[in-house]
Amino acid sequence: MPVTRGFGHGPRRGRPDRLPPGQYDTGRDWPVLTAEAQPVIDPEQWTITVDGSVDRPHTWTWREAHALPGSTYFGDIHCVTTWSMLDTTFAGVSVDTLLELTGSRPEATHVMAHCATGYTTNLPLEDVTGGKAWLAWEYDGRPLPAEHGGPVRLLVPHLYFWKSAKWVDRLELLTRDRPGFWEQNGYHDRGDPWLEQRYQGDP
Amino acid sequence: MSEPDSAWTTGKVVELERIGDRFVTVRLDVANRVDHLPGQHYVVRLRAPDDYTAQRSYSVASEPDDPLVELMVECLPGGEVSGHLHDVAEVGDVFELRGPIGGWFTWEGEATAVCVAGGTGVVPFVSMLRYAARHGLGDRLRVVAVGRTFADLPYAAELRDAGAFLALTRENLGDRVAAPPHAEEVGPLVDGIERAYVCGTAGFASFAERLLGEAGVRRDVIRVEQFGASG
């Protein structure tokens, strides 16, 4: 691809050591990006259901979910719109903990996250197990704000952040892959930022 | 649905117009172009001699039948890509481009719609209005464009001439006193709509969602495109 005339002499916002290709450090400025109007969700009314290809489908209330062993993520997040935010702290419960309680059937290969707005996103099961995914209700020690998906969002920080569905209320285990919302609308099926899997057609 | 595969291509700048000190429109001749849907965006990627790259997404202002792809870029403080487009770019430059992208925030006349834009959020709606004008779909698209002043609002004259409702917050316009749009003004525009589009900053989007709600629009018909820190 051609070199852009006159580009490359100014300050660079990208830091190649920690940032995936094509990303820049947004600092503490966390952009809000959604496809739908922000819903109003009362934590006391919120529940999370794990069903589909599991042995024991289960629904937890807000209080029941908080009674599960807690788990914290400390690290970076990456949005497909090219910002990354470094050294974030999220707290909630590991998706592993939920799946230990429901079991997952041997034929389960993927999971569809469903949200209060109708938004969906699909992930391979291996991307939400083994300490790689959380239900998060705290950011930097405070309740997760509604505009960032509060009361509870999915957190899958090793993938682009559209996979970390806001306002999540159901994890459905699938026996085959099925595209979610953005995945039907031109975005990559998996979304690994280190491979720059932004849009359909990327490696 | 968008085209399944949007590979990188290049676009040559055919026209470039700097408007005031904040906006620049760039009209590009795109190699191997795939027609976009009104509302879609392109990614512009800049490449340094050592292969360092920076890329950002910009909504398309032109309509699909336009032989060129028009992007309108606001110069943001410290914006790595917008700053280059604003300060350095010239006619004849070639940029890496990818698109069109996005299959959700699009309109081809399939639903009667109201669009509410703040500032540079007007860009996708300019594309929709141009498309509507070409295809005689003007009665299916109503646009509310919010800006501080007429000069501050990109495409203000074109929007006005296309029948958009301009709500200026810091400047009187005709009989309208400077103020944010309110539900009584927007009410007639949302009558009978099947879909609503909101485009602007996150703060503007939450304002616009509230405004539409007060005017009686159901939340589940609202499609939102926000832009935040991206330069």
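Conditions (1) assigned to a strand (DSSP E or B); (2) in contact with a Leu (Cβ under 7 Å, 6 or more places away or on another chain), marked per residue:
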{"position": "A:G131", "(1), (2)": "no, no"}
{"position": "A:L135", "(1), (2)": "yes, yes"}
{"position": "A:E147", "(1), (2)": "no, no"}
{"position": "A:G150", "(1), (2)": "no, yes"}
{"position": "A:P157", "(1), (2)": "no, no"}
{"position": "A:W162", "(1), (2)": "no, no"}
{"position": "A:K166", "(1), (2)": "no, no"}
{"position": "A:E172", "(1), (2)": "yes, no"}
{"position": "A:P179", "(1), (2)": "no, no"}
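Okay, residues lined up against (1) at pLDDT 95 or above; (2) within 30 Å of B:A183 (Cβ to Cβ); (3) touching a Leu at 6+ places or on another chain (Cβ under 9 Å); (4) within 14 Å of another protein chain (Cβ to nearest Cβ):
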site: B:H36; (1), (2), (3), (4): yes, no, no, yes
site: B:D51; (1), (2), (3), (4): no, no, no, yes
site: B:G83; (1), (2), (3), (4): no, no, yes, yes
site: B:E96; (1), (2), (3), (4): yes, no, yes, yes
site: B:G102; (1), (2), (3), (4): no, yes, yes, yes
site: B:T106; (1), (2), (3), (4): yes, yes, yes, yes
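Can you report the number of residues in the range A:158-168 which are away from chain B (no Cβ under 13 Å), surrounded by 22 or more Cβ atoms within 10 Å (Cβ to Cβ) and more than 21 Å from B:G103 (Cβ to Cβ)?
1
Do you know which of the residues in the range A:171-187 that are more than 11 Å from chain B (Cβ to nearest Cβ) and buried (at least 17 other Cβ atoms within 10 Å of the Cβ) is farthest from A:D76 (Cα to Cα)?
A:L174
Please work out which residue is surrounded by the fewest Cβ atoms within 10 Å (Cβ to Cβ), limiting yourself to the range B:1-31 and to residues that are within 18 Å of B:D65 (Cα to Cα) and at pLDDT below 95.
Filtering first and then ranking leaves B:E3.
Could you tell me whether A:T4 is within 14 Å of another protein chain (Cβ to nearest Cβ), in a loop (DSSP other than H, G, I, E, B) and closer than 30 Å to B:F207 by Cβ?
On the way: within 14 Å of another protein chain (Cβ to nearest Cβ): yes; in a loop (DSSP other than H, G, I, E, B): yes; closer than 30 Å to B:F207 by Cβ: no.
No; evaluated as a whole, the condition is false for this residue.
Only residues that are under 18 Å from the mean Cα position of the chain (by Cα) and in a loop (DSSP other than H, G, I, E, B): list them for the range B:80-102, please. Explain how you work it out, then say what you get.
Kept after step one, since they are under 18 Å from the mean Cα position of the chain (by Cα), are these residues of the range B:80-102: B:81-82, B:85-86, B:97-102.
Scanning the range B:80-102 gives a single hit, B:G102.
From the list A:R12, A:R18, pick out the single residue that is farther than 30 Å from B:Y197 by Cα, within 14 Å of chain B (Cβ to nearest Cβ) and among the basic types (K, R). Before you say what the answer is, go through the steps one by one.
On the way: A:R18 fails: within 14 Å of chain B (Cβ to nearest Cβ).
After ruling out the rest, the residue left standing is A:R12.
Please tell me if A:E100 is assigned to a loop (DSSP other than H, G, I, E, B), at pLDDT 95 or above and of a type in the set (D, E, K, R). Steps first, answer last, please.
Numbers: assigned to a loop (DSSP other than H, G, I, E, B): no; at pLDDT 95 or above: yes; of a type in the set (D, E, K, R): yes.
Spelling it out, it is not the case that A:E100 is assigned to a loop (DSSP other than H, G, I, E, B), at pLDDT 95 or above and of a type in the set (D, E, K, R).
I need the full set of residues from the range A:103-114 which are in a strand (DSSP E or B) and more than 11 Å from A:V128 (Cα to Cα), in order please. Explain how you work it out, then say what you get.
Within the range A:103-114, the first condition is being in a strand (DSSP E or B), and the residues that meet it are A:110-114.
If the condition is that a residue be in a strand (DSSP E or B) and more than 11 Å from A:V128 (Cα to Cα), then A:H114 is the only one that fits.
Being of a type in the set (A, V, I, L, M) and over 15 Å from the mean Cα position of the chain (by Cα) narrows it down to one residue among B:V144, B:V177; which is it?
None of the others qualify; the one that does is B:V177.
Closer than 20 Å to A:L155 by Cβ, among the polar types (S, T, N, Q) and within 14 Å of chain B (Cβ to nearest Cβ) - does that describe any residue in the range A:66-83?
Within the range A:66-83, the first condition is being closer than 20 Å to A:L155 by Cβ, and the residues that meet it are A:66-83.
Remaining after also requiring among the polar types (S, T, N, Q): A:71-72, A:81-82.
This time we only want the ones that are within 14 Å of chain B (Cβ to nearest Cβ), so: A:81-82.
The answer is yes; a qualifying residue exists.
Can you go through B:L97, B:L137, B:L173 and tell me which one is under 30 Å from B:N32 (Cα atoms) and surrounded by fewer than 22 Cβ atoms within 10 Å (Cβ to Cβ)? First the steps, then the outcome.
On the way: B:L97 fails: surrounded by fewer than 22 Cβ atoms within 10 Å (Cβ to Cβ); B:L173 fails: under 30 Å from B:N32 (Cα atoms).
Of B:L97, B:L137, B:L173, the one residue that is under 30 Å from B:N32 (Cα atoms) and surrounded by fewer than 22 Cβ atoms within 10 Å (Cβ to Cβ) is B:L137.
Which ones in the range A:26-48 are surrounded by 15 or more Cβ atoms within 10 Å (Cβ to Cβ), at the interface with another protein chain (Cβ under 10 Å from one of its Cβ atoms) and of a type outside the set (F, W, Y)?
Those that are surrounded by 15 or more Cβ atoms within 10 Å (Cβ to Cβ), at the interface with another protein chain (Cβ under 10 Å from one of its Cβ atoms) and of a type outside the set (F, W, Y): A:T26, A:P31, A:V32, A:L33, A:T34, A:A35, A:E36, A:A37, A:Q38, A:P39.
Output the residue which, of all residues in the range A:78-97 that are among the hydrophobic types (A, V, I, L, M, F, W, C) and surrounded by 22 or more Cβ atoms within 10 Å (Cβ to Cβ), is nearest to A:T129 (Cα to Cα). Give the steps one after another, and end with the answer.
Here is the first cut: in the range A:78-97, the residues among the hydrophobic types (A, V, I, L, M, F, W, C) are A:79-80, A:83, A:85-86, A:90-91, A:93, A:95.
Retained after the next criterion (residues that are surrounded by 22 or more Cβ atoms within 10 Å (Cβ to Cβ)): A:80, A:83, A:90, A:95.
Working: A:V80: 22, A:W83: 25, A:F90: 17, A:V95: 7 Å.
Here the answer is A:V95.
In the range A:16-59, which residues are within 30 Å of B:D220 (Cα to Cα) and over 19 Å from the mean Cα position of the chain (by Cα)? Please lay out each step first, then the result.
To start, the set of residues in the range A:16-59 that are within 30 Å of B:D220 (Cα to Cα) comprises A:29-53, A:57-59.
Once the filter is applied, which keeps residues that are within 30 Å of B:D220 (Cα to Cα) and over 19 Å from the mean Cα position of the chain (by Cα), the range A:16-59 yields A:V40, A:D42, A:P43, A:E44, A:Q45, A:G52, A:S53, A:P57, A:H58, A:T59.
Just checking, does the range B:108-115 include any residue being within 14 Å of chain A (Cβ to nearest Cβ) and touching a strand residue (DSSP E or B) at 6+ places or on another chain (Cβ under 8 Å)? Reasoning before the result, please.
Step one: list which residues in the range B:108-115 are within 14 Å of chain A (Cβ to nearest Cβ), which gives B:114.
With touching a strand residue (DSSP E or B) at 6+ places or on another chain (Cβ under 8 Å) added as a condition, the list becomes B:114.
Yes, that holds for at least one residue.
The values are calculated or read from the model by the stated rules, or taken from the named source; none is laboratory data. Keep in mind the model is a prediction, meaning the values are calculated, not measured. Glycine also receives a Cβ, built like all others from the backbone with ideal geometry; neighbour counts cover every protein chain displayed.
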